[in-house]
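Chemist: For reference, the structure I am asking about is given below.
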Amino acid sequence: MLVVAEQLDPTADLVVQALAALKVPVLRFDLAEFPQSIVLSAEHRDEAPGWSGELSSGRRAAQLKEVRAIYYRRPGLPVVSPQILDAYKNWALSQAVVGMVQILSSLPVVWMHHPDVYRASAHKPGQLVTATTAGLRVPRSFVGNSLAAARAWGERIGGSLVCKPIAAASINLPDAPPSMLPTRQLDVSELDESLELTAHYLQECVPKDFEVRLTVVGQRMFPVAIHARSERARTDWRSDYDALEYEPVSIPEEVACGVRRFMAAHRLNYGAFDFAVRPDGQWVFFECNPAGQWQFIAKATDLPIAEAHASLLQGAVS
């Protein structure tokens with residue numbers, strides 16, 4: 001099987017280690033290694049559908065016809081040769097991306113996750129529609145750049161709001177490492193003209209007893225309560241990891257059924273779901289990250305999440 005991920009990815013490392021324990025042969029590479037150190041040779045014949053050929057890292061090789069599963073997790077972008085003139089580098093980069101990704105995408109294998117499935121399932125506004133259709137409870141939400149409409153919506157909510165990124169949760173500034181953009185709590189009176197500069201994602205502020213990171217691998221669910229011990233973490237637990245405590249919990253059956261329907265609707269076999277659990281016990285869906293982190297959960301709880309990945313992928317190989 002293939003593992004397509006950055007070389008310095010501890011989450012992918014755990015999956016590779018679990019696959020090795022099951023004696024599953026793995027070729028791991030990053031798209032950033034193609035085309036300079038990864039070699040692809042693929043051909044499609046006229047008498048039968050399907051690509052054949054070889055993918056080689058120089059140390060190991062995989063026959064495309066023998067690949068049964070692909071674990072695809074946040075790989076980098078190809079790096080083209082410095083011999084290519086600057087005027088042609090973007091073109092060469094696009095050729096490398098499409099050439100490799102589309103050959104892999106055409107293989108009839110088990111994916112975690114197919115790039116097209118990831119792109120289609122990662123959008124938060126669409127997730128709210130899917131979650132509601134699946135029977136999950138969601139927060140009342142607003143997306144737009146109309147200050148008047150946002151204020152009117154906030155007045156109807158009648159309480160605190162939160163503003164969160166609708167897409168990338170971090171920002172890259174010149175000469176600085178990526179900076180996380182945490183969820184921010186605010187009142188409707190704080191909405192000003194800056195809202196009109198781009199699309200903003202607002203939600204009602206859901207009262208929380210605690211939050212849950214639900215890691216789903218195939219049919220297996222690993223619900224873990226996240227208890228926040230600081231004000232920052234209570235608004236967005238990602239902003240203060242040192243103030244978090246983790247506790248495996250049970251998931252209500254109606255929530256589990258809704259999650260299964262959500263997964264089926266998006267053709268997912270992995271998802272990192274974020275829920276708030278209200279003081280009355282109601283679970284409220286926030287989002288699902290189809291490539292979300294789970295290493296920190298596994299480390300804190302000893303839950304066999306890596307083993308669940310390996311078992312699902314091994315089932316496609318054996």
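Chemist: Of everything in the range 107-138, what is within 17 Å of Pro165 (Cα to Cα), surrounded by 14 or more Cβ atoms within 10 Å (Cβ to Cβ) and out of contact with any helix residue (DSSP H, G or I) (no Cβ under 8 Å at 6 or more places or on another chain)? Give them in sequence order.
Modeler: Selection gives Ala122, His123, Lys124, Leu128.
Chemist: Can you find a residue in the range 54-69 that is more than 30 Å from Cys288 (Cβ to Cβ) and touching a residue at least 60 places away in the same chain (Cβ under 8 Å)? Give the steps one after another, and end with the answer.
Modeler: Step one: list which residues in the range 54-69 are more than 30 Å from Cys288 (Cβ to Cβ), which gives 54-66.
Narrowing the set further to residues that are touching a residue at least 60 places away in the same chain (Cβ under 8 Å) leaves 62.
Yes.
Chemist: Based on this model, can you work out whether Glu247 counts as touching a His at 6+ places or on another chain (Cβ under 8 Å) and not in a loop (DSSP other than H, G, I, E, B)? Explain how you work it out, then say what you get.
Modeler: Values: touching a His at 6+ places or on another chain (Cβ under 8 Å): yes; not in a loop (DSSP other than H, G, I, E, B): yes.
Considered against the rule, which asks whether it is touching a His at 6+ places or on another chain (Cβ under 8 Å) and not in a loop (DSSP other than H, G, I, E, B), Glu247 comes out as yes.
Chemist: Separate question: Only residues that are within 23 Å of Arg119 (Cβ to Cβ) and touching a helix residue (DSSP H, G or I) at 6+ places or on another chain (Cβ under 7 Å): list them for the range 143-199, please. Please lay out each step first, then the result.
Modeler: Here is the first cut: in the range 143-199, the residues within 23 Å of Arg119 (Cβ to Cβ) are 143-144, 164-172, 178, 180-181, 198-199.
Selection gives Val143, Gly144, Ile166, Met180.
Chemist: For the range 213-233, state whether one or more residues are assigned to a helix (DSSP H, G or I), surrounded by fewer than 15 Cβ atoms within 10 Å (Cβ to Cβ) and either of a type in the set (Asp, Glu) or modelled with pLDDT of 95 or more (or both).
Modeler: Checked the range 213-233: at least one residue is assigned to a helix (DSSP H, G or I), surrounded by fewer than 15 Cβ atoms within 10 Å (Cβ to Cβ) and either of a type in the set (Asp, Glu) or modelled with pLDDT of 95 or more (or both).
Chemist: Condition first: among the hydroxyl-bearing types (Ser, Thr, Tyr) and in contact with a strand residue (DSSP E or B) (Cβ under 8 Å, 6 or more places away or on another chain). Can you find one or more residues in the range 88-96 that meet it? Walk me through it before giving the result.
Modeler: Here is the first cut: in the range 88-96, the ones among the hydroxyl-bearing types (Ser, Thr, Tyr) are 88, 94.
Those left that are additionally in contact with a strand residue (DSSP E or B) (Cβ under 8 Å, 6 or more places away or on another chain): none.
No, every residue in the range 88-96 fails to be among the hydroxyl-bearing types (Ser, Thr, Tyr) and in contact with a strand residue (DSSP E or B) (Cβ under 8 Å, 6 or more places away or on another chain).
Chemist: Scanning the range 79-103 for residues that are touching a residue at least 24 places away in the same chain (Cβ under 8 Å) and of a type outside the set (Gly, Ala, Ser), which turns out surrounded by the most Cβ atoms within 10 Å (Cβ to Cβ)? Can you show your working first?
Modeler: Start the filter on the range 79-103 by keeping residues that are touching a residue at least 24 places away in the same chain (Cβ under 8 Å), which leaves 79-81, 96-97, 99-101, 103.
From what's left, of a type outside the set (Gly, Ala, Ser): 79-80, 97, 100-101, 103.
Values: Val79: 17, Val80: 19, Val97: 15, Met100: 21, Val101: 19, Ile103: 16.
This residue is Met100.
Chemist: Residues in the range 3-15: is at least one of a type in the set (A, V, I, L, M), in a loop (DSSP other than H, G, I, E, B), assigned by TED's automatic domain parsing to the domain that holds Gln95 and closer than 21 Å to Ser106 by Cβ?
Modeler: Here is the first cut: in the range 3-15, the residues of a type in the set (A, V, I, L, M) are 3-5, 8, 12, 14-15.
So of that shortlist, the ones also in a loop (DSSP other than H, G, I, E, B) come out as 8.
With assigned by TED's automatic domain parsing to the domain that holds Gln95 added as a condition, the list becomes 8.
From what is left, the residues that are closer than 21 Å to Ser106 by Cβ are none.
Looking through the range 3-15, none of the residues is of a type in the set (A, V, I, L, M), in a loop (DSSP other than H, G, I, E, B), assigned by TED's automatic domain parsing to the domain that holds Gln95 and closer than 21 Å to Ser106 by Cβ.
Chemist: Sticking with this one: Going by what's in this entry, would Tyr241 be described as among the aromatic types (Phe, Trp, Tyr) and either closer than 25 Å to His309 by Cα or buried (at least 18 other Cβ atoms within 10 Å of the Cβ) (or both)?
Modeler: Values: among the aromatic types (Phe, Trp, Tyr): yes; either closer than 25 Å to His309 by Cα or buried (at least 18 other Cβ atoms within 10 Å of the Cβ) (or both): yes.
Yes: the conditions hold for Tyr241.
Chemist: Can you find a residue in the range 74-81 that is over 28 Å from the mean Cα position of the chain (by Cα), farther than 19 Å from His114 by Cβ, in the same structural domain as Pro35 (by TED's automatic domain parsing) and not basic (Lys, Arg)? Let's see the steps before the verdict.
Modeler: Just the residues of the range 74-81 that are over 28 Å from the mean Cα position of the chain (by Cα), to begin with: 81.
With the extra rule that they be farther than 19 Å from His114 by Cβ, the set shrinks to 81.
Now restrict to residues that are in the same structural domain as Pro35 (by TED's automatic domain parsing): 81.
After this cut, where a residue has to be not basic (Lys, Arg) as well, the list is 81.
There is at least one residue in the range 74-81 that is over 28 Å from the mean Cα position of the chain (by Cα), farther than 19 Å from His114 by Cβ, in the same structural domain as Pro35 (by TED's automatic domain parsing) and not basic (Lys, Arg).
Chemist: Could you tell me how many of the residues in the range 260-316 are assigned to a helix (DSSP H, G or I), among the hydrophobic types (A, V, I, L, M, F, W, C) and surrounded by fewer than 19 Cβ atoms within 10 Å (Cβ to Cβ)? Break it down stepwise before answering.
Modeler: Filtering the range 260-316 down to residues assigned to a helix (DSSP H, G or I) leaves 260-266, 295-301, 305-316.
Keeping just the survivors that are among the hydrophobic types (A, V, I, L, M, F, W, C) gives 262-265, 296-298, 300, 305-306, 308, 310, 312-313, 316.
From what is left, the residues that are surrounded by fewer than 19 Cβ atoms within 10 Å (Cβ to Cβ) are 264-265, 296, 300, 316.
Count: 5.
Chemist: In contact (Cβ under 8 Å) with a residue 60 or more places away in the chain, closer than 24 Å to Leu8 by Cβ and touching a Cys at 6+ places or on another chain (Cβ under 9 Å) - does that describe any residue in the range 107-124?
Modeler: So far as the range 107-124 goes, yes, one or more of its residues are in contact (Cβ under 8 Å) with a residue 60 or more places away in the chain, closer than 24 Å to Leu8 by Cβ and touching a Cys at 6+ places or on another chain (Cβ under 9 Å).
Chemist: I've got another one for you. Say we look at the range 27-59 and pick out the residues that are at pLDDT 95 or above and of a type in the set (D, E, K, R); which of these is surrounded by the most Cβ atoms within 10 Å (Cβ to Cβ)?
Modeler: The qualifying residue surrounded by the most Cβ atoms within 10 Å (Cβ to Cβ) is Asp30.
The values are calculated or read from the model by the stated rules, or taken from the named source; none is laboratory data. These numbers come from a predicted model, not from an experiment. So basically every Cβ, Gly included, is an ideal-geometry build from the backbone, and we count neighbours across all protein chains shown.
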